[in-house]
1. Beyond 28 Å, how much of the Cα-Cα pair distribution for the range 63-199 remains, as a whole percent?
2. Treat each spin label as a single point 7 Å out from the Cα along the C-beta direction, and report the residue 183 to residue 61 distance in nm.
3. Taking 8 Å as the Cα distance limit and 6 or more residues as the minimum spacing, I'd like the relative contact order of the chain as a percentage.
4. Which of 34, 127, 157 moves the most in a Gaussian network model of the chain with Cα springs under 10 Å?
5. In a Gaussian network model over the chain where Cα atoms closer than 10 Å are linked, find which of 172, 79, 114 has the largest mean-square fluctuation.
6. Beyond 31 Å, what share of the Cα-Cα pairs of the chain is found? Please give it as a whole percent.
7. Points 7 angstrom from Cα along the Cβ direction at residue 114 and residue 225: gap in nanometres?
8. Would you please classify the overall shape of the range 138-230 from the alpha carbon gyration tensor, given that a ≥ b ≥ c denote the square roots of the eigenvalues, rounded means a/c under 1.5, and beyond that prolate means a/b larger than b/c while oblate covers the rest?
């Protein structure tokens with residue numbers, strides 16, 4: 001279960017795609033029928049899948065709304081009912097990965113018996129993807145960072161960062177509550193430090209560097225050394 005969060009990602013059109021108990025929630029659209037919500041989920045799923053495929057093939061700069069419309073086979077009206085620009089769709093792609101990681105983490109937490117290794121493996125797998133220069137979410141983050149002077153994009157980046165820190169903190173707190181993470185660990189400071197380091201991996205993935213001394217595996221080991229009594 002995802003705990004209540006005051007710093008959630010929320011696109012300007014009021015759509016929040018969060019995974020909670022395995023379901024996509026859409027807020028600011030009260031009173032909808034189940035059929036309407038299923039239609040929304042299907043539309044957004046088509047939009048995200050088409051956009052991710054285009055991102056892998058062309059990168060952020062080579063995609064237009066027309067491309068997304070054709071790839072998703074959705075009408076202009078269907079798309080613009082939810083978003084006003086491709087940047088908003090890119091933000092969904094970025095957010096989707098974060099929520100998927102959280103979902104996998106929480107699925108490990110509910111397993112019995114509770115262990116440190118299960119949830120940590122979810123984090124480690126995610127860190128490995130952050131080193132991949134061809135990973136679509138890394139491409140999206142770098143693209144959005146280049147447009148941080150635009151108010152809408154700046155708000156997206158702020159909310160994404162806050163959401164990342166929030167979830168990292170909840171993961172640490174959950175581990176402490178289950179007795180698998182040291183009580184002496186400061187959840188706030190440690191969560192933000194981990195997010196900063198992981199974002200550094202993402203930024204570095206865009207550089208033409210062949211050999212590096214510190215890898216995602218090293219970062220994972222560093223996290224373990226801080227969280228768990230050796």
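No value in this document is a laboratory result; all are computed from the given coordinates. These figures come from a predicted structure and were not determined experimentally. Quick reminder, even Gly has a Cβ in these numbers, built from the backbone with ideal geometry, and neighbours come from all protein chains shown.
1. 29
2. Spacing of the two 7 Å Cα→Cβ label points: 5.4 nm.
3. Relative contact order for the chain comes out at 22 percent.
4. So, out of 34, 127, 157, the one fluctuating most is 34.
5. It is 114.
6. 25
7. Taking the simple label geometry, residue 114 and residue 225 are separated by 2.7 nm.
8. Taking the square roots of the gyration eigenvalues as a ≥ b ≥ c, the range 138-230 is oblate.
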